[in-house]
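Everything on this sheet refers to the single structure shown next.
The values are calculated or read from the model by the stated rules, or taken from the named source; none is laboratory data. Everything numeric in this text was worked out from a predicted model, so none of it was measured. With ideal geometry, Cβ positions are generated from the backbone for all residues, glycine too; neighbour counts draw on all protein chains shown. Side chains are part of the model used for accessible areas, which takes the heavy atoms of the whole protein and leaves out ligands, DNA and RNA. Shrake-Rupley method; radii C 1.70, N 1.55, O 1.52, S 1.80 Å.
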Amino acid sequence: MRSSSSSKSSQNVVVLGATGSIGCSTLDVIRASKGAFTPFALTAHGRLDDLLKAAIEYQPQYIVASDEAAAAEFDWSDLPEKTTLLTGTKGLQEVAAHSEADIIVSAIVGRAGLEGTFAAIAAGKRVALANKETLVVAGHLATKMAEESGAEILPVDSEHSAIFQALMAGRETDVRKVILTASGGPFRKFTQKQLLEVTADEALDHPTWKMGPKITVDSATMMNKALELIEAKWLFDLTVDQIDVVVHPQSIVHSIVEFVDGSMVAQMSPPDMRMPIQLAMTYPERTECPAKQLDLSSAFSLEFEPPDYERFPALKLGKEVAERGGTCGAVLNAANEVAVQQFLEGKIRFVDIYRVCRHLLDEHPFESNPELTRLLELDAWAREESIKWITCCLRQAKDQACSNT
Ligand code: NAD
Ligand code: MG
């Protein structure tokens, strides 16, 4: 790994997805860093008023409005003089690979995060990776490219940050397995029958984390853990058999590494993303952090239970896709993104999210070693097919209901 934490007094940070949940937490870390980090470029897709506000507060060199049509209509007259406005995917790639950028925080949600993340990896940057979808879609290409360019991919996802930290307790060859913790989400205790009825508002009400809508629904289906399993495989070069999942409702133990002698090393902290974000930026140093701290002076308990693969079948998809690799990750991710959006719009039921993903994985033309262009083609194909399948199922359900009346 190349160390980009140079002796420079302040590191230039690019925040891809600066208006989101991770993006705002990153800006908090930067604000608290007493000048150790400088916001160099901030990007957003929608909510351009938030991007403009951030530009006024942080005075970055660049902002990127990735939705070109929205950017063209927006009134930028209050943009600080020193800030240059870029637009589109090209703008994301330009700031991610900029020669003056030191750290790229990859915090765009979904497949839309790929281009910026790949540009940063190709340019040999330190990438603080929240956008797990990059590794789900194209983990084999991202890790290979990082090896070639000398880029460092440091995990922001709390579980992977925990594993990254726990791995420091022993030799890589002595690792037996890693155990990803999962909160279990808002429906942890729901029966299969109850899951048929749950609404988007209920799914968005996560018990321990405050996050963007897509990952919050992913946590409710446990697809998030499926995606994290694939992410862990690529980040730490593990076999699928070496990755377990345990439900831990308090979200305090963020994950565990088990060594060959049976010793388990865990990382604990309150559920607050500022800690793993900051560590990915300061590593190998640790500095004071604005994140909440664990208070051991008052009593609390930690529970662990095995996950239920029947009520949360998305978890099985994670194992299957991590095992098969190739084009599976791109297809699973695209189908899931579409299904989550359709669920949030009230068009399909919660349990249908899994069904869409299962169907697309079964139908897709598998390839074992695809290039990026092929993966992006399949991403587009899977999105279209998912919508077609959902529309067809809805029509059939309507016809059925009509014939029953
Ligand atoms: P969010 O929805 O709160 O924010 C998403 C950001 O991406 C926004 O700035 C938005 O403008 C931008 N964006 C959305 N669509 C875009 C597009 N088409 N092109 C370019 N930019 C676009 O999401 P979040 O919860 O902050 O999650 C961001 C990423 O971090 C996800 O990959 C998620 O899985 C990961 N992550 C989040 C958390 C968390 O606590 N929120 C924890 C671990 C990992
Ligand atoms: Mg996580």
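A compact table of results
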| item | result |
| --- | --- |
| Percent carbon-and-sulfur accessible area, the chain, ignoring ligands, DNA and RNA, probe 1.4 Å | 51 |
| Cβ-defined net charge surrounding SER386, 14 Å radius [Lys, Arg +1; Asp, Glu -1] | -2 |
| Probe 1.4 Å, accessible area per residue of region 205-252, Å² | 31 |
| Cβ-Cβ FRET estimate between ALA401 and LYS34, R0 fixed at 56 Å, reported to 0.05 | 0.35 |
| In Hz, Karplus ³J(HN,Hα) per residue of region 357-370 (6.51, -1.76, 1.60; θ = phi - 60°; x = Gly, Pro) | 5, 4, 4, 5, 5, 5, 8, 7, x, 5, 9, 8, 9, x |
| Dimensionless Rg over Rh [region 262-353; C-alpha; Kirkwood] | 1.08 |
| Charge context of TYR58, other residues only, Cβ under 13 angstrom, K/R +1, D/E -1 | 0 |
| Region 3-116 - accessible surface per residue (Å², probe 1.4 Å) | 44 |
| Spacing of the two label points (7 Å from each Cα toward its C-beta) at ARG349 and LYS90, in nm | 4.8 |
| From phi via Karplus (6.51, -1.76, 1.60), per-residue ³J(HN,Hα) for region 283-295 in Hz, x at Gly/Pro | 2, x, 7, 10, 10, 4, 10, x, 5, 4, 10, 6, 10 |
| 15 Å beta-carbon shell around ILE179, net charge (K/R +1, D/E -1) | -4 |
| Residue-normalised accessible area of region 287-401, expressed per residue, 1.4 Å probe, Å² | 54 |
| Region 154-260: equivalent-ellipsoid semi-axes (sqrt of 5 x gyration tensor eigenvalues, Cα, Å) | 28, 13, 12 |
| Listed peptides 113-120, 217-224, 65-72, 178-185 by packing density, highest first (mean Cβ within 10 Å) | 217-224, 113-120, 178-185, 65-72 |
| Rough spin-label spacing in nm, given labels placed 7 Å along Cα→Cβ, for ASP75 and CYS392 | 4.9 |
| Rh (Kirkwood; distinct C-alpha pairs) - region 1-123, Å | 14.2 |
| Angstrom value of the Kirkwood radius, inverse mean 1/r, which spans all Cα pairs in region 143-209 | 15.6 |
| Longest to shortest principal axis, alpha-carbon extents of the chain, angstrom | 69, 59, 45 |
| Estimated inter-spin distance, GLN192 and ALA169, nm [label 7 Å along Cα→Cβ] | 3.7 |
| Cα-based shape type of region 283-405, given that a ≥ b ≥ c are square roots of the gyration tensor eigenvalues and the cut on a/c is 1.5 | oblate |
| Greater than 32 Å apart at Cα, pairs in LYS144/LYS189; LYS132/LYS398; LYS125/LYS210; LYS34/LYS125; LYS82/LYS225; LYS125/LYS347 | LYS144/LYS189; LYS132/LYS398; LYS82/LYS225; LYS125/LYS347 |
| Euclidean distance of C-alpha centroids, region 282-352 and region 138-156, integer Å | 21 |
| Long-range HN-HN contacts of GLN267 with modeled amide H, under 5 Å | HIS254, SER255 |
